[in-house]
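Pasting a structure below so you can have a look.
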Amino acid sequence: MKIAILTQPLGKNYGGIIQAYALQQVLIELGHEPTTVNRFSKTPLYIKALMPAKPLIYKVLGRKYYKNLSKEQEAYVYGDMKIFISNYMSFSKPILNTKDLKRYFKKGKFDIAVVGSDQVWRPKYSPDIYNYFGDFLRNKKQIISYAASFGVDNWEFTKKQTDTCKKLVKKFKAVSVRESSAIDLCHQYLGADAELVLDPALLLSKDDYQKVISSCKGIKKNSGILTYILDRNETKTEIVSYVKHKLKKETFSAQPKRLLDDTSSKNIEDYKYPPVEQWLSSFKDADFIVTDSFHGTAFSVIFNKPFIAIGNAERGISRFKSILGLLGLEERLILDTDTDKIDTLINQEIDWSNVNSVLSDYKEKSKSFLRKAL
């Protein structure tokens, strides 16, 4: 079966890339021919015109300002991510609008579309939320969702978006979501029944990822405490410092030296993202992990590493609670610098035998959903 995968734009986020890669791999294992649709939004001309004034506008609005990159600088900063996609994934040409998406699906003679997974149903992150509910399809039952995520446990759709998506979801052959809270959101706002399944990244084993790591030359070996922090702030810095002090180990990271919300450097090298393979290897090599990322948490589990997950309200806490609750690891999630709780987590051993057993069961349930839905 030829399958078109609809996910959020790829190329600037490790977790987004890996979940898309994993979903392709699983579909291939099931005997299908998947391609991920390169759907993204083109920056409007009026936005480009305002770029020089962006720092001042953001300052007035009290919003965090991100460093402006030229086209050449952006290609360099995210270059290794693009190489991974090119080497490991079947990826479509750029799709900029619904008309192009309709044409691509028809011309490619795809049998079905799979919508999944990482926050694909979060309107503010979406190039066009209606595309992710199949508005480009003429026929019913030509679309399913796999581990679709709203990212949060509250409803962020407008009334118009809700009404339209409620009609569109009736076309779906089957609906599955990534968070338990999403089951209730689907039922309450879309009138749809949804099944809980795992994020695609969790469907592959550490051995699968080890093969990817081994295929890349020049991987740097690390040890100590891996810090994978997406939104850096004083509280998270204090948590990392405390863990470092208690464990008496050095920290390392598989991120750029500076994130784009730190505009203080003129050296573009400071902002370059390491290869995806290096990012994967960092989880394999770590002795302990501190992260505020959902996929950082997922890969701590995949590689059976002791970890602390810091709740990331801006990006959505429900997805942390759902996967950790599923695996009996709720206590690994913290929201502040409570040193007593951090001490407990540092000293508490994780029963990985039990966690892996539960994960194995849910892997099979998740793959079973795909088999039946397709």
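The values are calculated or read from the model by the stated rules, or taken from the named source; none is laboratory data. Bear in mind the structure is a predicted one, so any value in this text is a computation, not a measurement. When we count neighbours, we look across all protein chains shown, and the Cβ atoms used for this are built from the backbone with ideal geometry, even at glycine. Please note that ligands, DNA and RNA were not included when accessible areas were found on the heavy atoms of the full protein model with its side chains. Shrake-Rupley method; radii C 1.70, N 1.55, O 1.52, S 1.80 Å.
Determine the pairs where a residue that is open to solvent by 10 Å² or more (accessible area, probe 1.4 Å), located within the stretch 135-151, has a partner that is modelled with pLDDT of 95 or more and among the polar types (S, T, N, Q) with Cβ atoms under 8 Å apart, the partner being 6 or more residues away or on another chain.
Pairs that qualify, where the first residue is open to solvent by 10 Å² or more (accessible area, probe 1.4 Å) and the partner is modelled with pLDDT of 95 or more and among the polar types (S, T, N, Q), are Asp135/Thr98; Asp135/Thr164; Phe136/Thr98.
Which residue, of Ala147, Ala113, Ala182, Ala201, is of a type in the set (A, V, I, L, M, F, W, C), under 25 Å from Gly15 (Cβ atoms) and over 18 Å from the mean Cα position of the chain (by Cα)?
Unique residue meeting the criteria: Ala113.
Now for a different question. Tell me yes or no: at least one residue of the stretch 161-176 is of a type in the set (Phe, Trp, Tyr) and under 19 Å from the mean Cα position of the chain (by Cα).
no
Another question, then. How many residues does the stretch 344-361 hold that are within 17 Å of Leu202 (Cβ to Cβ), open to solvent by 60 Å² or more (accessible area, probe 1.4 Å) and not polar (S, T, N, Q)?
Summing the residues that are within 17 Å of Leu202 (Cβ to Cβ), open to solvent by 60 Å² or more (accessible area, probe 1.4 Å) and not polar (S, T, N, Q) in the stretch 344-361 gives 1.
Any residue in the stretch 270-283 that's farther than 16 Å from Gly296 by Cα and touching a residue at least 24 places away in the same chain (Cβ under 8 Å): show its pairings with residues that are open to solvent by less than 10 Å² (accessible area, probe 1.4 Å) and not β-branched (Val, Ile, Thr) at Cβ separation under 7 Å, as long as the two are six or more apart or on different chains.
Correct list of pairs: Tyr271/Pro256; Lys272/Pro256.
Hey, can you tell me all the residues within the stretch 260-279 that are open to solvent by less than 20 Å² (accessible area, probe 1.4 Å) and closer than 26 Å to Ile342 by Cβ?
Matches in the stretch 260-279: Trp279 only.
So in the stretch 71-118, with the set limited to residues that are polar (S, T, N, Q) and closer than 11 Å to Ala4 by Cβ, which one is surrounded by the fewest Cβ atoms within 10 Å (Cβ to Cβ)? Give the steps one after another, and end with the answer.
Initially, the stretch 71-118 is screened for residues polar (S, T, N, Q), giving 73, 86-87, 90, 92, 97-98, 117.
Then drop every residue that is not closer than 11 Å to Ala4 by Cβ, which leaves 90, 92.
Numbers: Ser90: 13, Ser92: 17.
Step by step, filter the stretch 71-118, then rank; the result is Ser90.
Search the stretch 102-131 for residues that are of a type in the set (Ser, Thr, Tyr) and pair each with any residue that is open to solvent by 30 Å² or more (accessible area, probe 1.4 Å) and part of a loop (DSSP other than H, G, I, E, B) when their beta-carbon atoms are under 9 Å apart and the residues are at least 6 apart or on different chains.
Listed by first residue and then by second, the contacts come to Tyr125/Pro9; Ser126/Ser41.
Scanning the stretch 280-312 for residues that are more than 19 Å from the chain's Cα centre (by Cα) and not acidic (Asp, Glu), which turns out surrounded by the fewest Cβ atoms within 10 Å (Cβ to Cβ)? Explain how you work it out, then say what you get.
First, the residues of the stretch 280-312 that are more than 19 Å from the chain's Cα centre (by Cα): 285-288, 304-306.
When the remaining residues are screened for being not acidic (Asp, Glu), the result is 286, 288, 304-306.
Details: Ala286: 27, Phe288: 21, Asn304: 14, Lys305: 18, Pro306: 18.
Filtering the stretch 280-312 for residues that are more than 19 Å from the chain's Cα centre (by Cα) and not acidic (Asp, Glu), the one surrounded by the fewest Cβ atoms within 10 Å (Cβ to Cβ) comes out as Asn304.
Can you tell me which of Arg315, Arg371 is under 27 Å from Ala113 (Cβ atoms), open to solvent by 40 Å² or more (accessible area, probe 1.4 Å), not in a helix (DSSP H, G or I) and not polar (S, T, N, Q)?
Values: Arg371 fails: not in a helix (DSSP H, G or I).
Residue meeting the stated conditions: Arg315.
Going through the stretch 318-343 one residue at a time, which ones are closer than 22 Å to Asp153 by Cβ, assigned to a loop (DSSP other than H, G, I, E, B) and open to solvent by 10 Å² or more (accessible area, probe 1.4 Å)? Outline the logic, then answer.
Step one: of the stretch 318-343, the residues closer than 22 Å to Asp153 by Cβ are 318-336.
Remaining after also requiring assigned to a loop (DSSP other than H, G, I, E, B): 327-329, 335-336.
Those that are closer than 22 Å to Asp153 by Cβ, assigned to a loop (DSSP other than H, G, I, E, B) and open to solvent by 10 Å² or more (accessible area, probe 1.4 Å): Gly328, Leu335, Asp336.
Also, quick follow-up: Which members of the stretch 346-363 meet the condition of being β-branched (Val, Ile, Thr) and part of a helix (DSSP H, G or I)?
Filtering the stretch 346-363 down to residues β-branched (Val, Ile, Thr) leaves 346, 350, 355, 358.
Ile346, Val355, Val358, listed by residue number.
Just for the stretch 242-254: of the residues that are part of a loop (DSSP other than H, G, I, E, B) and under 25 Å from the mean Cα position of the chain (by Cα), which one is surrounded by the fewest Cβ atoms within 10 Å (Cβ to Cβ)? I'd like the intermediate steps shown before the answer.
Filtering the stretch 242-254 for residues part of a loop (DSSP other than H, G, I, E, B) gives 248-250, 253-254.
Adding the requirement that they be under 25 Å from the mean Cα position of the chain (by Cα) leaves 253-254.
Numbers: Ser253: 16, Ala254: 24.
Only one residue fits best here, namely Ser253.
Output the qualifying pairs, or none if there are none: Cβ atoms under 6 angstrom, residues six or more apart or on different chains, first residue in the stretch 315-331 and over 21 Å from Thr344 (Cα atoms), second residue part of a helix (DSSP H, G or I) and not aliphatic (A, V, I, L, M).
Taking only residues 6 or more apart or on different chains, the pairs are Ser318/Ser181; Arg319/Phe294; Ser322/Ser180.
Okay, next question. Restricting to the stretch 255-268, give me the number of residues that are touching a residue at least 60 places away in the same chain (Cβ under 8 Å) and hydrophobic (A, V, I, L, M, F, W, C).
Residues that pass the stated criteria total 2.
Can we say Glu250 is closer than 22 Å to Phe299 by Cβ and of a type in the set (Asp, Glu)?
Working: closer than 22 Å to Phe299 by Cβ: yes; of a type in the set (Asp, Glu): yes.
Taking the combined requirement at face value, the residue satisfies it.
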